[in-house]
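Structure record follows, encoded as structure tokens.
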Amino acid sequence: STMRKRKTTDSPHSSTDLSEGKEKLRLKQEVGLISGVSLIAGTMIGSGIFMSPEWVLYRMGSPASSLLIWAACGLLATFGALSYAELGTIIKESGGEYIYILRIFGSFPAFLFAYTSVILVRPAGLAAVCLSFAEYAVVPFYPGCSSPQVVVKCTAAACILLLTIINCLNVRLATSIMNIFTAAKLLALLVIVVGGLVLLANGQTQSFQNAFQNTTSGIGAVGVAFYQGLWSYDGWNNLNYVTEELKKPEVTLPRAVMIAIPLVTCLYLLVNVSYLAAMTPSELLSSRAVAVTWGDKVLGSWAWLISLSVALSTFGSSNGTFFSGGRVCYIAAREGHMPDILSMAHVRCLTPSPALLFTSAMSLIMIMSGSFTSIVNFFSFIAWLFYGMTISGLLYLKIKKPELPRSYKVPIIIPIIVLMAAVYLVVAPIIDQPQTEILYIVLFIFSGIILYFPLVHFKRHPRFLQRVTLHLQLLLEVAPTTKDAN
């Protein structure tokens, strides 16, 4: 059978099982439709729409072509999320791409994904969002000059530490913060949208005259523009990382996707139109914080509201990224692809605190060593490599295993389009503008082979690891968890 058998046979019927004389823990099912929409929209609306517009415009060369990129990115994110919704109703386990690759393709490619995701991709995504939060949070304290990098990085690190405490304490607290901050950021975007519509009504349309002039045609430039645009939509797959924590996942997953992503796409397009109504393309390109420049031009003395709103928005987004990112680490450890300690949950809070602490530590390292744009580009390359692999797995199941029970089906043309886009996004920048960083990323992914065969395939674990695990269990007050088989 292509669908790999589960490695555990724990009872899914109760959250504690004392029949064997020991407790078994499970993460709670606390994420409903509203929280699901908030998790998707709240993670997607983060730093991207406030940081990426100038980079998309820079790569594309003209306002109209940059708006087309934003619309295409929204369509691609919707198609990707709908494809993932079908996967989530076939394989009802948390873990997103990791669990789908594991069940469809087997242990080795799943380990390479987990290894790359846990050490690089998820911490990089969190680091990039927290860096942009810090950039906006400190900008009011340094009027007329750029903020010192040491202050920005220390603020980003403080943000990660605060998120670690919140997510380790309580799932409900983390989701409540997500809901509140999602409402706040939607309000901030509506202010920008309304301001833009007022400007257009007053005749400020100079940016839209000859709107396609100077459009770039290079495939690599378009690919990198997609990277920057898709960064703003990243989070479309976040609900698949917490499937086991969803109430009625077969209903909640497709519905949340269909509400959240079209809503975000419309907002992004209107916000970009508003930026271009307030600024000329050259002004937009020279701005380090587009939303703040917009606020200075449109709101005058109330411009500080935009900095505050963006800081709140990016904090809420980083909370969503952290919430789902810790789950990948936790699920991979539960399947035997990471150290056992990372698969454990806190005995009272019922949160995967060791996995969250590990994600936090890796993100802090990223913050100290990277910048926003470099992190986004290498994050996007790896992400779309694995998105492509996951979508090809869905196509395999649709063609070879049509009999598998699923409560939601996506037309086959949609995953085919997503797969073609993923291949383009991975290959185009390599062909057009090969960079040594991409070679380093590929080498890092395949360096996982060195760890996989001794530690996972042959299970040769150093003895001291057991002692370390026991000491960490006592220190962190964590215990092994059972799997919710739904």
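The values are calculated or read from the model by the stated rules, or taken from the named source; none is laboratory data. From a predicted model like this one, the values you see are computed outputs, not experimental measurements. Backbone-built Cβ (ideal geometry, glycine too); neighbour counts: all protein chains shown. These area figures cover heavy atoms from the full protein model, side chains too; ligands, DNA and RNA do not enter into them. Shrake-Rupley method; radii C 1.70, N 1.55, O 1.52, S 1.80 Å.
How high is the relative contact order of the chain? Use alpha-carbon pairs under 8 Å, at least six apart in sequence, and give a whole percent. Mind dumping the intermediate values first?
On the way: 785 pairs, mean separation 164.2, N = 486.
Relative contact order for the chain comes out at 34 percent.
At a probe size of 1.4 Å, how large is the accessible area of residue 139, to the nearest 10 Å²?
Per-residue accessible area (residue 139): approximately 40 Å².
If the only charges are +1 at each Lys and Arg Cβ and -1 at each Asp and Glu Cβ, what is the size of the charge dipole of the chain around the Cα centre, to the nearest 20 debye? It would help to have the intermediate numbers written out before the result.
Details: 33 positive and 23 negative charges, 247 e Å.
Roughly 1180 debye for the chain.
Quick check on region 199-287: take the gyration tensor over C-alpha atoms, sort the square-rooted eigenvalues as a ≥ b ≥ c, and tell me if it's rounded (a/c under 1.5), prolate or oblate.
Details: a/c = 3.45, a/b = 1.96, b/c = 1.76.
It comes out prolate by the Cα gyration axes.
How large is the helix-only mean residue ellipticity at 222 nm for the chain, computed as the sum of -39500 (n - 2.57) over DSSP H runs with n ≥ 4, divided by its residue count, in deg cm²/dmol to the nearest 500? Write out the running numbers ahead of the final one.
Numbers: 19 runs with 326 residues, N = 486.
Dividing the helical sum by the residues of the chain leaves -22500 deg cm²/dmol.
How big is region 66-186 by Rg and Dmax over its Cα atoms, in Å?
Over region 66-186's Cα set, Rg and Dmax evaluate to 18.5, 55 Å.
Among all stretches of the chain without exposed chymotrypsin sites (Phe, Trp or Tyr not before Pro) (DSSP loop, at most 15 other Cβ atoms within 10 Å), which one is longest?
The segment 213-457 is the longest one with no such site.
Report, to the nearest whole %, how much of the accessible area of the chain belongs to carbon and sulfur atoms, 1.4 Å probe, protein only.
67
If one takes the longest principal axis of the Cα atoms in the chain, at what angle in degrees, from 0 to 90 and to the nearest 10, does the Cα axis of helix 122-138 lie?
The angle comes out near 40 degrees.
Largest first, how would 296, 234, 432 line up by accessible area (1.4 Å probe)? All intermediate terms of the calculation are to be shown ahead of the outcome.
Details: 296 95, 234 30, 432 70 Å².
Largest accessible area first, the list is 296, 432, 234.
Set the bar at 25 Å for Cα to Cα. Now go through 401/459; 247/409; 185/409; 248/400 and name every pair that lies beyond it. Don't jump to the answer; show the numbers that get you there.
Details: 401/459 32 Å; 247/409 20 Å; 185/409 32 Å; 248/400 27 Å.
Cα-Cα > 25 Å for 401/459; 185/409; 248/400; rest within.
Just report the Cα centroid separation between region 31-58 and region 236-278, whole Å.
Each part's Cα centre sits 8 Å from the other's.
Compare 307, 369 by solvent-accessible area with a 1.4 Å probe and give them largest first, with all protein chains kept in place.
Details: 307 10, 369 95 Å².
Highest to lowest solvent-accessible surface, that is 369, 307.
Of 413, 104, which has the most accessible area and how do the rest follow, probe 1.4 Å?
Values: 413 95, 104 10 Å².
These residues rank, largest area first, as 413, 104.
Considering only protein heavy atoms, what is the solvent-accessible area of residue 273 at a probe of 1.4 Å, reported in Å² to the nearest 10?
For residue 273, solvent-accessible area is about 40 Å².
Where does the charge balance sit around residue 365 when Lys and Arg score +1, Asp and Glu -1, over other residues with C-beta under 14 Å from its C-beta? Show your work: numbers first, answer last.
On the way: positive: 122, 153; negative: none.
It works out to a net charge of +2.
Taking only protein heavy atoms into account and a 1.4 Å probe, give the accessible area per residue of region 33-476 in Å².
Values: 17080 Å² over 444 residues.
In whole numbers, region 33-476 has 38 Å² accessible per residue.
Could you point to the residue in 228, 124, 272 farthest towards the positive end of region 33-476's charge dipole, with +1 and -1 charges on the Cβ of Lys/Arg and Asp/Glu respectively?
Of the listed residues, the answer is 124.
Taking the alpha-carbon centroid of each part, what is the distance from region 110-137 to region 293-355 in angstrom?
Answer, in whole Å: 10.
Kindly report, to the nearest 10 Å², the accessible surface of residue 430 as traced by a 1.4 Å probe over protein heavy atoms only.
Answer for residue 430: close to 70 Å² accessible.
Among [x] 26.8; [y] 22.8; [z] 40.9, only one was calculated for this model; which label is it, if the read-out is mean projected area of the Cα convex hull in nm²?
[y]
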